[in-house]
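Accompanying notes for the structure given below.
The values are calculated or read from the model by the stated rules, or taken from the named source; none is laboratory data. The model shown is predicted, which means the values in this text are computed figures rather than measured ones. We place every Cβ from the backbone using ideal geometry, glycine too, and count neighbours over all the protein chains shown. Only protein heavy atoms, including side chains, enter the accessible area calculation; ligands, DNA and RNA are left aside. Shrake-Rupley method; radii C 1.70, N 1.55, O 1.52, S 1.80 Å.
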Amino acid sequence: MRFTGTVLITGASAGIGEACARAFAQAGARLVLTARRRERLEALAAELAQAHGTEAHLLALDVRDREAMLATLGGLPAEWAAIDVLVNNAGLARGTEKVQAGDPAEWDEVVQTNVNGLLYATRALTPGMVERGRGHVINLGSVAGHEVYPGGAVYCATKHAVGAITRGLRMDLLGTGVRVSTVDPGMVETEFSVVRFRGDQARADSVYRNMTPLTPADIADTVLWVATRPPHVNIDEIIIKPTDQASATQVHRTA
Ligand code: NDP
Ligand code: 8X3
């Protein structure tokens, strides 16, 4: 698949965001890569420049920082300002505690990242898309936006919110030529579970034990496919799960 436009990806330093950067680079895109860990973005950009001659603009940004997000993404240098695709990917979960035992500071982190951050990027970049009469917002939702599971109330609430924002934004942008999609994965092996379990690698590994999860490249391939449909085609939403997963709580394991 070829794609020669400019793509801005939040959370490009790891997992699905990093894989999206690789997929779009291979397709021929120019990239604006954002995350907090600048050194990871620098290493990725150097690798993609070498492999594909990819041009990249790097931004160390915390998506929860409203002022920085609006000012930085709203004021991109002229040669990077015309974003064709925004991939709203930065996100996380924290723990699986019941609400009555949860940590409100962690709820703030999850809600502010998964919901507010997505809204700030969208608010900063969609006016330019409307002005140009084209553009595409692709959100990373989740099966957690379609189901709720024990210990997942807050994370699932944020991903339900991503689904609602996706649908509402599509209505708001109707008639502008700007497309809005959500790609909603099940289990993908990334740093997601290490982050969720606060650095406990063994617990994170157990999530994917004796089953075959999706890879970040599987999701990136889907995001690239969504972005490369003809301009009159809007893929509203895709749910993509491992063959070994039937629902958020039903996973086939070989042992
Ligand atoms: P990773 O933990 O591997 O990557 C998360 C990315 O988000 C990192 O690049 C991280 O960058 C960035 N990020 C997190 N918080 C912030 C912040 N405050 N500001 C800026 N960037 C931030 O997870 P995944 O790749 O798995 O997750 C990507 C998206 O996919 C998330 O929205 C997640 O909810 C969703 N998803 C994941 C699934 C899975 O099973 N893995 C399934 C369904 C959906 P840095 O730390 O450098 O800032
Ligand atoms: C991540 C998948 O099932 O851990 O969105 O919520 S799950």
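Tabulated data for the structure shown
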{"read-out": "Answer residue from region 146-175, given it is within 16 Å of ligand 1 (Cβ to nearest atom) and open to solvent by less than 20 Å² (accessible area, probe 1.4 Å) and is farthest from Asp84 (Cα to Cα) among those", "value": "Gly152"}
{"read-out": "Single condition Asn139 does not satisfy, out of (1) within 13 Å of ligand 1 (Cβ to nearest atom); (2) open to solvent by 10 Å² or more (accessible area, probe 1.4 Å)", "value": "(2)"}
{"read-out": "Subset of region 186-195 [open to solvent by less than 20 Å² (accessible area, probe 1.4 Å) and either touching a residue at least 40 places away in the same chain (Cβ under 8 Å) or not in a helix (DSSP H, G or I) (or both)]", "value": "Gly186, Val188"}
{"read-out": "Among the candidates Ala46, Ala21, Ala81, Ala71, residue that is away from ligand 2 (no atom under 16 Å from the Cβ) and farther than 24 Å from Arg179 by Cα", "value": "Ala46"}
{"read-out": "Members of region 141-171 found to be touching a Pro at 6+ places or on another chain (Cβ under 8 Å) and among the hydroxyl-bearing types (Ser, Thr, Tyr), listed by number", "value": "Ser142"}
{"read-out": "Residue check, Arg40 closer than 27 Å to Asp108 by Cβ and in contact with a Ser or Thr (Cβ under 7 Å, 6 or more places away or on another chain)", "value": "yes"}
{"read-out": "Residues that are farther than 14 Å from Asn116 by Cα and either more than 20 Å from the chain's Cα centre (by Cα) or acidic (Asp, Glu) (or both), drawn from region 46-75", "value": "Ala46, Glu47, Ala49, Gln50, Ala51, His52, Gly53, Thr54, Glu55, Ala71, Gly75"}
{"read-out": "Checklist (1) touching a Phe, Trp or Tyr at 6+ places or on another chain (Cβ under 9 Å); (2) outside any strand (DSSP E or B); (3) within 11 Å of ligand 1 (Cβ to nearest atom) applied to Val87, failing item", "value": "(2)"}
{"read-out": "Leading residue by the ranking (nearest to Phe24 (Cα to Cα)) among those in region 37-52 that are open to solvent by 60 Å² or more (accessible area, probe 1.4 Å) and in contact with a strand residue (DSSP E or B) (Cβ under 7 Å, 6 or more places away or on another chain)", "value": "Glu42"}
{"read-out": "Test: Val110 is within 16 Å of ligand 2 (Cβ to nearest atom) and either modelled with pLDDT under 95 or open to solvent by less than 10 Å² (accessible area, probe 1.4 Å) (or both)", "value": "yes"}
{"read-out": "Residues within region 39-84 that are assigned to a loop (DSSP other than H, G, I, E, B) and of a type outside the set (A, V, I, L, M), tallied", "value": "9"}
{"read-out": "Conditions (1) open to solvent by 20 Å² or more (accessible area, probe 1.4 Å); (2) within 19 Å of Ala81 (Cβ to Cβ); (3) out of contact with any helix residue (DSSP H, G or I) (no Cβ under 7 Å at 6 or more places or on another chain): number failed by Met129", "value": "(1)"}
{"read-out": "Gln245 vs. criteria over 29 Å from His136 (Cα atoms) and open to solvent by less than 20 Å² (accessible area, probe 1.4 Å)", "value": "yes"}
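Residues checked against (1) surrounded by 14 or more Cβ atoms within 10 Å (Cβ to Cβ); (2) touching a strand residue (DSSP E or B) at 6+ places or on another chain (Cβ under 9 Å):
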residue: Ala202; (1), (2): no, no
residue: Ser206; (1), (2): no, no
residue: Thr212; (1), (2): yes, no
residue: Pro216; (1), (2): yes, yes
residue: Val223; (1), (2): yes, yes
residue: Pro231; (1), (2): no, yes
residue: Ile238; (1), (2): yes, yes
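To keep it simple, each residue is scored yes or no on (1) under 17 Å from Glu237 (Cα atoms); (2) within 16 Å of ligand 2 (Cβ to nearest atom); (3) part of a loop (DSSP other than H, G, I, E, B).
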{"residue": "Val137", "(1), (2), (3)": "yes, no, no"}
{"residue": "Pro150", "(1), (2), (3)": "no, yes, yes"}
{"residue": "Val154", "(1), (2), (3)": "no, yes, no"}
{"residue": "Lys159", "(1), (2), (3)": "yes, yes, no"}
{"residue": "Arg167", "(1), (2), (3)": "yes, no, no"}
{"residue": "Met171", "(1), (2), (3)": "yes, no, no"}
{"residue": "Thr176", "(1), (2), (3)": "no, no, yes"}
{"residue": "Arg179", "(1), (2), (3)": "yes, no, no"}
{"residue": "Asp184", "(1), (2), (3)": "yes, yes, no"}
